[in-house]
Structures are given as structure tokens and as C-alpha cells.
Amino acid sequence: MIVLDASALLAFLFREPGHETVAGEIARACISTVNLAETLGRFARDGHDPEPVSRRLSASTLEIVPFSPGQALLCARLLPFARALGLSLGDRACLALAMERGLGAITADAAWSELDTEVDVILIR
């Protein structure tokens, strides 16, 4: 299993560069509800109804993981060094889920390559 960042899921949904890497992993992937909110928010921001996308993702094999108090604590602990890399709350939520479960994470955010964590990060572009 692997954790998807919103940037990776959006690349998959919009068939952006790197979507092939995500397609190869999505059957065994999970995503934080924080990153799901980011993904759906992109559709709303662009003037589209996010509900069909939400239904499609909920019906897929993608495991949607509720954001937990433990993940919130990990997010807080990541803040001091993640801030320097420009990592958002969503980025840290993805990393926290990966850390909590001992999994790798897929992202399109190149800044993650500078991270010094136990998470195996896969950059899709």
C-alpha cells in the first residue's frame, strides 16, 4: 500500500505528467481525508461540482482514511522543518498518514525530495 498526496491524485485525474506512475499504484493506495478535500476543492475552485468526483473516488478501491488525532500530532511535529520547504497542511497530512502506517508516499511536489523523514517518497515528475 502507498499514500497519495493530492498533487498525485490530481495528476492522475487530469492525466498530467506522471499520471502513469499513479495509475500503477492507485489500486493499492490510500489517501487522507485532508488530501481528498484538497483534491475536491480543486474541482470546486475551477467551477465544477466536486460531488461526481467524490462519488467516483468513494466507489473505487482507493482507501479514504479519516484524519486522526495521531496524524494531527505528527503534522504538528513536521511543521518546524516542513515550513522551510513550503509544505502545506495537506502535504504534512499525507506524510503523517504515511508515517503512521509505515508506508511510502507519492507526490508531484519536488520539494519533498529535500525531506529527511522515514517516508519513502516517490516523485511522479
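Of note:
- Residue within region 100-110 that is within 21 Å of I64 (Cβ to Cβ), among the acidic types (D, E) and modelled with pLDDT of 95 or more present: yes
- Residue-level analysis places V53 outside the set of residues that are touching a helix residue (DSSP H, G or I) at 6+ places or on another chain (Cβ under 8 Å), at pLDDT 95 or above and closer than 13 Å to D5 by Cα.
- Every test in (1) farther than 16 Å from L123 by Cα; (2) free of Cβ contacts under 8 Å to residues at least 24 places away in the same chain is passed by A23 save one, and that test is (1).
- The listed residues are L40, L79, L74, L4, and the only one of them that is closer than 21 Å to R125 by Cβ and not small (G, A, S) turns out to be L4.
- Figure legend. Inter-residue proximity from region 73-95: first residues under 17 Å from A110 (Cα atoms), second residues in a helix (DSSP H, G or I) and polar (S, T, N, Q), beta-carbon distance below 7 Å, spacing 6+ or different chains. Indicated pairs: G90/N35; A93/N35; A93/Q71; C94/N35.
- Among (1) touching a residue at least 40 places away in the same chain (Cβ under 8 Å); (2) at negative phi - the single one F67 does not satisfy: (1)
- The single condition among (1) out of contact with any helix residue (DSSP H, G or I) (no Cβ under 7 Å at 6 or more places or on another chain); (2) more than 18 Å from D116 (Cβ to Cβ); (3) of a type in the set (G, A, S); (4) surrounded by fewer than 18 Cβ atoms within 10 Å (Cβ to Cβ) that A29 does not meet is (4).
- Reported count of residues in region 56-91, each being under 19 Å from V22 (Cα atoms) and of a type outside the set (S, T, N, Q), is 9.
- For region 90-113, filtering for residues that are of a type in the set (K, R) and surrounded by fewer than 21 Cβ atoms within 10 Å (Cβ to Cβ) leaves 1.
The values are calculated or read from the model by the stated rules, or taken from the named source; none is laboratory data. Fair warning: this is a prediction, and the values are worked out from it, not measured in the lab. Neighbour counts run over all protein chains shown; Cβ positions are idealised from the backbone, glycine included.
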